[in-house]
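The values are calculated or read from the model by the stated rules, or taken from the named source; none is laboratory data. Predicted, not measured: the structure shown is a model, and the values here were computed from it. Here Cβ is always computed from backbone atoms with ideal geometry, including for glycine, and neighbour counts include all displayed protein chains. SASA here: full protein model, heavy atoms, side chains in, ligands and nucleic acids out. Shrake-Rupley method; radii C 1.70, N 1.55, O 1.52, S 1.80 Å.
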Amino acid sequence: MGKVTGVGGVFFKATDPKVLQAWYAQHLGVPLSEYGFSSFEGPEAQGTTAFAFFPADSQYFGEETQRAMINFRVDSLDEVLERLKAAGARIDPKRQDESYGRFAWFWDPEGNRVELWEPAAE
């Protein structure tokens, strides 16, 4: 029987996809590729996880108001939040601590709410 083996990608609509992708590269270190999307590879994933932006009028997501939220795994939640705050990003004051890690949220320049996760030390 076929089964899901991992996340294949996360996609956002964007007013200006190239500008927003550059913002993510500058402030979060999200890698850029020549193809207009980002990809992450590593031992924690089976295959590649894509991160891409679509034009704001894309019908790919169905309803016009439908947006997605991504969760970025980070190595230091506090450091990433400080860098985002210094860049003027809107930071949610709420924090969540779980046995499997710490969580926080921010909004990017186009109003996408993004979750950050610092996994618990093993």
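When you scan segment 36-51, do you find a residue that is modelled with pLDDT of 80 or more, out of contact with any Leu (no Cβ under 8 Å at 6 or more places or on another chain), over 14 Å from Asn112 (Cα atoms) and open to solvent by 40 Å² or more (accessible area, probe 1.4 Å), even just one?
no
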Please go through segment 65-96 and pick out each residue that is among the charged types (D, E, K, R), modelled with pLDDT of 85 or more and touching a Phe, Trp or Tyr at 6+ places or on another chain (Cβ under 6 Å). Arg90, Asp92
In segment 84-116, which residues are within 25 Å of Lys18 (Cα to Cα) and open to solvent by 30 Å² or more (accessible area, probe 1.4 Å)? Lys85, Ala86, Ala87, Gly88, Arg90, Ile91, Trp107, Pro109, Glu110, Gly111, Arg113, Glu115
So is Ser99 among the hydroxyl-bearing types (Ser, Thr, Tyr) and at pLDDT 85 or above or not? yes
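Quick grid of which residues meet (1) within 13 Å of the chain's Cα centre (by Cα); (2) over 26 Å from Phe11 (Cβ atoms); (3) in contact (Cβ under 8 Å) with a residue 60 or more places away in the chain:
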{"site": "Val74", "(1), (2), (3)": "yes, no, no"}
{"site": "Glu79", "(1), (2), (3)": "no, yes, no"}
{"site": "Arg90", "(1), (2), (3)": "no, no, no"}
{"site": "Ser99", "(1), (2), (3)": "no, yes, no"}
{"site": "Ala121", "(1), (2), (3)": "no, yes, no"}
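How many of the residues in segment 1-12 are modelled with pLDDT under 70 and either among the hydrophobic types (A, V, I, L, M, F, W, C) or surrounded by 13 or more Cβ atoms within 10 Å (Cβ to Cβ) (or both)? Reasoning before the result, please.
In the first step, residues of segment 1-12 are kept if they are modelled with pLDDT under 70; the result is 1-9.
Retained after the next criterion (residues that are either among the hydrophobic types (A, V, I, L, M, F, W, C) or surrounded by 13 or more Cβ atoms within 10 Å (Cβ to Cβ) (or both)): 1, 4, 7, 9.
Result for segment 1-12: 4.
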Under 9 Å by Cβ, and 6 or more places apart or on different chains, what pairs join a residue from segment 13-35 that is modelled with pLDDT of 90 or more with one that is assigned to a helix (DSSP H, G or I) and surrounded by 17 or more Cβ atoms within 10 Å (Cβ to Cβ)? His27/Val80; His27/Leu84
